[in-house]
Amino acid sequence: MPIAYSRKNFARFQSLIALFLLCLALSVLSDKFLSFSNLWNVMRQISVNICISVGMTLIVLTAGIDLSVGSVLALCGAITAGLLKNGIELPSQNLYIGFTVLGAILAGGLTGSALGAFNGWAITRFNVPPFVATLAMLTVARGLTMLWTGGFPISGLGDTFLFIGTGWFLGIPVPVWISIVVVALAVFLTDKTRIGRYIYAIGGNESASRLSGINVNRVKIIVYTIAGALAAVGGIMVTSRLDSAQPNAGISYELDSIAAVVIGGTSLSGGRGSILGTVQGAIIIGVLNNGLVLLNVSPFWQQVVKGLVILLAVIIDKSNGKNE
Amino acid sequence: MPKPIRYLLFAVVFALLAYNSVYFRKLDEVKAGAAAFDAAGYAEDFWGKKLIPGLSKAVDLNALTAQLKTEKDKAFEQYSHALGIGNIRYFLVKGQGIVADVSENEVSVKLIGAGEGAGNVRIATEYIFGNAVRDASGAIDINAFTNSMDFNNVSAEINELIREKVVPPFKSKVKKGDRVTFHGAIELNREHLQLNNIEIIPVSLQIEQP
């Protein structure tokens, strides 16, 4: 009994312990790691992954997956930047529609939501595996980004817009505030609302959920829509931080996001996990990325290390599942 | 909350958001305000008045690579330009070298004065794309442009000038063993620095045949 108890406690805190050990090692290996500017920089970078990973967590909790978040992020960033910078010209109507910062952000957010909703609709309506449907969306969204930008970055977006990605509020970077709000809303959604309970139920046993009267398709579409919207939030933050919408932004972000979810203890088979666990996972991935750069590890080796960390996390997750 | 009030509230919020999100103008007035941008003319002007005179400030490639090996941050701060805060940054460089190989797409040059074991640099002669020259100069301010399309078109026109003015006379004469003096732009990644595979987008090329 004591062994089982301690094993359970270890499983609960394993990502926190991993994070602590990682920070300890990096602070010994690099004198820059614990510098104020580096830590805020890491937090800014992590904020984007946290937003995406929160959406990914909701999807994985329903036993789904979304491979399109990186491309959706790029497209939403590009749409926001393009509308803000160039507006829309309708020569046949002799009309120019200009967008304020608010308007451009709403358009980017709506684009992400619509693409997410489309993912959910394709998955539920045609019974397409989430892996395949979102893989298709990955390509579609990247292609649309190239079409929208012409392959060129869209830069020079103005100081008001830059505040989102580079500004400070009450001594904390704005992206960190945004990720705090996103996490708080997601925790409320999963822990305090009916739809949050449905999400866990669907991931635990979809057939039983359907039989017990839950509108499974509707919940899934909502979840994918939220994930799309959060990818858009990430895209807007990245675009603002760089003062530029890059057509190739967000490549492999889906992997960092899935890694954060898995390392955070969310089961890939659904029904088990938490938003706060994912936040820990995202911080671990962010710190790991930062540490590998500070230690001058070759980018090729960085990918190898990250892959192995994800594999290790999945093995530990499986082992925890067996023990439970 | 009764449904009519809920709908009314929704409509008010929607109207407020819409009012603060978009604005409408007559297209011809907008176009008249921002007279049609002549990217080719701008690029010609930039080439003659800013880029060519600015070549005197180009950093010697041998000196740059040496400094990058010892004081990377200082070298990037001192000589590079870029838009935004990414790791990709551009340098305006100059140098002299001996042509080691001539291929369809590039001319490989062994730098004079480069240390033992230094790799050759490549002068692009076929694929002249990207924003390297525009951004390396540090002489164009993106905020002076009303839209990103104009800004990107300037880059395309600068590349066109290189393809028309700089490359053809060089490409028609250059051969292995020639001594070449070049000015141009290079792109380096601050985090993942690769100094053994540098490609130069040329702005000025001169051959001294032995």
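Only one of the listed residues (B:ALA36, B:ALA100) is at negative phi and modelled with pLDDT of 90 or more. That residue is B:ALA100. For the condition in contact (Cβ under 8 Å) with a residue 40 or more places away in the chain, open to solvent by 10 Å² or more (accessible area, probe 1.4 Å) and either more than 9 Å from every other protein chain (Cβ to nearest Cβ) or over 21 Å from B:VAL30 (Cα atoms) (or both), what is the one hit in A:PRO153, A:PRO129? Testing whether each residue is in contact (Cβ under 8 Å) with a residue 40 or more places away in the chain, open to solvent by 10 Å² or more (accessible area, probe 1.4 Å) and either more than 9 Å from every other protein chain (Cβ to nearest Cβ) or over 21 Å from B:VAL30 (Cα atoms) (or both) leaves just A:PRO153. Any residue that is within 14 Å of chain A (Cβ to nearest Cβ) and exposed (fewer than 15 other Cβ atoms within 10 Å of the Cβ) - is there at least one of those in the range B:143-158? Yes - at least one qualifying residue is present in the range B:143-158. Only residues that are of a type in the set (A, V, I, L, M, F, W, C), part of a helix (DSSP H, G or I) and more than 11 Å from chain B (Cβ to nearest Cβ) were counted across the range A:242-261, and they come to 5. When you check B:GLU191 against the structure, is it farther than 30 Å from A:ASN86 by Cβ, acidic (Asp, Glu) and surrounded by fewer than 17 Cβ atoms within 10 Å (Cβ to Cβ), yes or no? Here the answer is yes, as B:GLU191 does meet what is asked.
Residues in the range A:156-185 that are assigned to a helix (DSSP H, G or I), surrounded by fewer than 18 Cβ atoms within 10 Å (Cβ to Cβ), among the hydrophobic types (A, V, I, L, M, F, W, C) and without any contact (Cβ under 8 Å) to a residue 60 or more places away in the chain: A:TRP177, A:ILE180, A:VAL181, A:ALA184, A:LEU185. Of the residues that make up the range B:131-141, is at least one assigned to a loop (DSSP other than H, G, I, E, B) and open to solvent by 60 Å² or more (accessible area, probe 1.4 Å)? Checked the range B:131-141: at least one residue is assigned to a loop (DSSP other than H, G, I, E, B) and open to solvent by 60 Å² or more (accessible area, probe 1.4 Å).
Taken over the range B:65-103, the criterion of being among the basic types (Lys, Arg), part of a strand (DSSP E or B) and over 14 Å from the mean Cα position of the chain (by Cα) is satisfied by B:LYS94 alone.
Among the residues making up the range A:132-150, those that are open to solvent by less than 30 Å² (accessible area, probe 1.4 Å), aliphatic (A, V, I, L, M) and in contact (Cβ under 8 Å) with a residue 60 or more places away in the chain are A:MET137, A:ALA141.
Restricting A:GLY70, A:GLY64 to those that are in a helix (DSSP H, G or I), away from chain B (no Cβ under 14 Å) and open to solvent by less than 30 Å² (accessible area, probe 1.4 Å) reduces the list to A:GLY70.
Flag: B:GLY113 does not match the condition of being in contact (Cβ under 8 Å) with a residue 40 or more places away in the chain and under 22 Å from B:ALA40 (Cα atoms). The residue list A:GLY234, A:GLY286, A:GLY264 contains one member that is of a type outside the set (D, E, K, R), more than 14 Å from every other protein chain (Cβ to nearest Cβ) and touching a Gly at 6+ places or on another chain (Cβ under 6 Å), which is A:GLY264. Taking first residues from the range A:186-208 that are touching a residue at least 60 places away in the same chain (Cβ under 8 Å) and partners that are part of a helix (DSSP H, G or I) and open to solvent by 80 Å² or more (accessible area, probe 1.4 Å), the Cβ contacts under 8 Å between residues at least 6 apart in sequence or on separate chains come to A:VAL187/A:LEU276. Annotation note: Cβ proximity below 6 Å between a residue of the range A:298-311 that is of a type in the set (D, E, K, R) and a residue that is exposed (fewer than 12 other Cβ atoms within 10 Å of the Cβ) and at pLDDT below 85 (sequence gap 6+ or interchain) occurs for no pair. Each residue in the range A:101-113 was checked for being under 20 Å from the mean Cα position of the chain (by Cα), at the interface with chain B (Cβ under 9 Å from one of its Cβ atoms) and either among the basic types (Lys, Arg) or open to solvent by less than 10 Å² (accessible area, probe 1.4 Å) (or both), and 0 of them qualify.
In the list A:SER298, A:SER212, A:SER207, which residue meets the criterion of being open to solvent by 20 Å² or more (accessible area, probe 1.4 Å) and within 14 Å of chain B (Cβ to nearest Cβ)?
Answer to the check: A:SER298.
Specify the residue that is farthest from the other protein chains (Cβ to nearest Cβ); the eligible residues are those in the range A:80-100 that are surrounded by fewer than 20 Cβ atoms within 10 Å (Cβ to Cβ) and among the hydrophobic types (A, V, I, L, M, F, W, C). Among residues in the range A:80-100 that are surrounded by fewer than 20 Cβ atoms within 10 Å (Cβ to Cβ) and among the hydrophobic types (A, V, I, L, M, F, W, C), the one farthest from the other protein chains (Cβ to nearest Cβ) is A:ILE88. Note on the range B:1-57: residues that are of a type in the set (Gly, Ala, Ser), under 30 Å from B:GLN206 (Cα atoms) and touching a residue at least 12 places away in the same chain (Cβ under 8 Å) amount to 4. Checking B:TYR23, B:TYR42, B:TYR19 one by one, the residue that is of a type in the set (Phe, Trp, Tyr), within 14 Å of chain A (Cβ to nearest Cβ) and open to solvent by less than 90 Å² (accessible area, probe 1.4 Å) is B:TYR23 and no other. On the basis of being among the hydrophobic types (A, V, I, L, M, F, W, C) and exposed (fewer than 11 other Cβ atoms within 10 Å of the Cβ), does B:PHE10 make the cut? The answer is yes for B:PHE10. For the range A:216-241, the set of residues classified as in contact with a helix residue (DSSP H, G or I) (Cβ under 8 Å, 6 or more places away or on another chain) and open to solvent by 40 Å² or more (accessible area, probe 1.4 Å) consists of A:ASN217, A:ILE221, A:ILE222, A:ILE226, A:VAL233, A:ARG241, listed by residue number.
The values are calculated or read from the model by the stated rules, or taken from the named source; none is laboratory data. Keep in mind that what you see is a predicted model, and the values were worked out from it rather than measured. Here Cβ is always computed from backbone atoms with ideal geometry, including for glycine, and neighbour counts include all displayed protein chains. When the accessible area is computed, the model is the full protein with side chains, heavy atoms only, and any ligands, DNA or RNA have been set aside. Shrake-Rupley method; radii C 1.70, N 1.55, O 1.52, S 1.80 Å.
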